[in-house]
1. So in the stretch 31-50, with the set limited to residues that are touching a strand residue (DSSP E or B) at 6+ places or on another chain (Cβ under 7 Å), open to solvent by less than 10 Å² (accessible area, probe 1.4 Å) and in contact (Cβ under 8 Å) with a residue 40 or more places away in the chain, which one is nearest to Arg137 (Cα to Cα)?
2. Select from the stretch 89-111 the residues that are among the hydrophobic types (A, V, I, L, M, F, W, C) and open to solvent by 10 Å² or more (accessible area, probe 1.4 Å) and list them in ascending order.
3. Would the stretch 125-139 turn up any residue that is open to solvent by 60 Å² or more (accessible area, probe 1.4 Å), assigned to a helix (DSSP H, G or I) and in contact with a strand residue (DSSP E or B) (Cβ under 7 Å, 6 or more places away or on another chain)?
4. From the list Asp180, Asp157, Asp152, pick out the single residue that is among the acidic types (Asp, Glu) and surrounded by 14 or more Cβ atoms within 10 Å (Cβ to Cβ).
5. Which number in (1) touching a helix residue (DSSP H, G or I) at 6+ places or on another chain (Cβ under 7 Å); (2) at pLDDT 95 or above; (3) not in a strand (DSSP E or B) marks the one condition that Ile12 misses?
6. For Leu57, which of the numbered conditions (1) modelled with pLDDT of 95 or more; (2) closer than 16 Å to Ala178 by Cβ; (3) open to solvent by 20 Å² or more (accessible area, probe 1.4 Å) fails to hold?
7. Residue by residue through the stretch 49-67, note down the ones that are of a type in the set (S, T, N, Q) and touching a Lys or Arg at 6+ places or on another chain (Cβ under 8 Å).
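The values are calculated or read from the model by the stated rules, or taken from the named source; none is laboratory data. Note that the structure is predicted; figures quoted are calculated from it, not measured. Neighbour counts are summed over all protein chains in view; Cβ atoms, including those assigned to glycine, are modelled from backbone coordinates with ideal geometry. What goes into the accessible areas is simple: the full protein's heavy atoms, side chains included, and nothing from ligands, DNA or RNA. Shrake-Rupley method; radii C 1.70, N 1.55, O 1.52, S 1.80 Å.
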Amino acid sequence: MLFGKKVKSGGIDWLVVGLGNPGGQYERTRHNVGFLTIDELERRMHVSVRKLQYKALTDTAVVEGQRALLMKPVTFMNLSGEAVGAAASFYHIPPERVLVISDDVSLPVGKLRIRRDGSAGGHNGLKSIIAHLGCDRFPRIKIGVGAKPHPDYNMADWVLSKFSGEDEKTIAKAVADAADAVACLITRGVDAAMGAYN
């Protein structure tokens, strides 16, 4: 629904940024659910998020007449803001039209939370984007990846671990829902997306 074909020319109305780490060893890890959502959008929109620009893999697609640059930063998570800041600056995109999709360890596996703005909440990718945009007033779709199994468990080890068993199925549905939420947010606004998916 709602998704159109690749755009050949013209400006950009939105940045849609999925956060993650590049490289095969990080595929399908908790920290990479943002990348998985961009992969889902890529499949639905029949585009190819492969062009390297602004320190990210990118392609342009249309969502109900809105031109969106899909982005997977290749800077590694903690420097994601370098890619987002460069693209936002080049296309003169205000923070309110920079939609970021990230993992969230404070939410149960598969739970979505859409927010209009807010702090980084300890997420280094969001922290970097806030630093490069100079504000925290950008919408985000957070995908729950679950809390670490016990307090002593290393957080980096947890977010870089892969999903297994039922969690894999739950995340596959969450990623599909997050892709739907991207379309909803762009076409109907943050409030509508929050009402439908939170």
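1. Applying the filter and picking the extreme gives Gly34.
2. If the condition is that a residue be among the hydrophobic types (A, V, I, L, M, F, W, C) and open to solvent by 10 Å² or more (accessible area, probe 1.4 Å), then Phe90, Ile93, Val105, Val109 are the ones that fit.
3. Taking every residue of the stretch 125-139 in turn, none turns out to be open to solvent by 60 Å² or more (accessible area, probe 1.4 Å), assigned to a helix (DSSP H, G or I) and in contact with a strand residue (DSSP E or B) (Cβ under 7 Å, 6 or more places away or on another chain).
4. Asp180
5. (2)
6. Looking at each condition in turn, Leu57 falls short on (2).
7. Thr58, Thr60
So that you can scan it fast, the table gives a plain yes or no per residue for (1) under 26 Å from Val159 (Cα atoms); (2) out of contact with any helix residue (DSSP H, G or I) (no Cβ under 9 Å at 6 or more places or on another chain); (3) small (Gly, Ala, Ser):
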position	(1), (2), (3)
Leu19	yes, no, no
Glu27	yes, no, no
Asn32	yes, no, no
Leu36	yes, no, no
Leu41	yes, no, no
Val63	no, no, no
Ser80	yes, no, yes
Ser106	yes, yes, yes
